[in-house]
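Every number here is computed from the coordinates shown, using simple stated rules; none is lab data. Keep in mind that what you see is a predicted model, and the values were worked out from it rather than measured. Cβ coordinates were reconstructed from backbone atoms using ideal geometry, including for glycine residues, and neighbour counts include every protein chain displayed.
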């Protein structure tokens with residue numbers, strides 16, 4: 001698969017049974033990847049997003065799960081993969097026009113509380129996207 005259809009994000013929402021948090025921004029990412037034939041980068045971004053979202057879940061639940069002993073390792077892994085996802089986003093935004101590139105820099109790539117919250121919502125969406133891509137591969 002080299003390009004994703006226009007209704008791809010709608011299909012992800014139907015598949016996951018929930019609305020995407022950052023659908024408009026994901027549409028910009030999708031368009032940038034589609035028009036530059038960077039499907040592999042989009043797939044890598046969704047993989048990293050799913051992984052980061054899993055790490056967030058483990059950390060949130062670690063309070064309730066006494067068996068989770070390596071919290072420091074999980075935090076380190078999360079930190080490294082947050083850097084990775086930021087770097088992947090920077091790569092993809094380099095294919096965007098200046099206005100959209102600035103939008104991503106302001107909303108996701110700043111080291112601020114709101115950027116972190118936006119990024120967390122984005123990785124949640126990427127998790128759903130990755131699950132849907134996996135589903136399509138198995139079809």
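Summary table
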item	result
Equivalent-ellipsoid semi-axes of the chain, from the Cα gyration tensor, Å, largest first	25, 19, 13
Contact order normalised by residue count of the stretch 21-138, Cα under 8 Å, 6+ apart, percent	42 percent
Sequence of 42, 135, 47 once ranked by neighbouring C-beta atoms within 10 Å, starting from the fewest	135, 47, 42
The stretch 61-139 and the stretch 1-40: distance between their alpha carbon centers, rounded to Å	16 Å
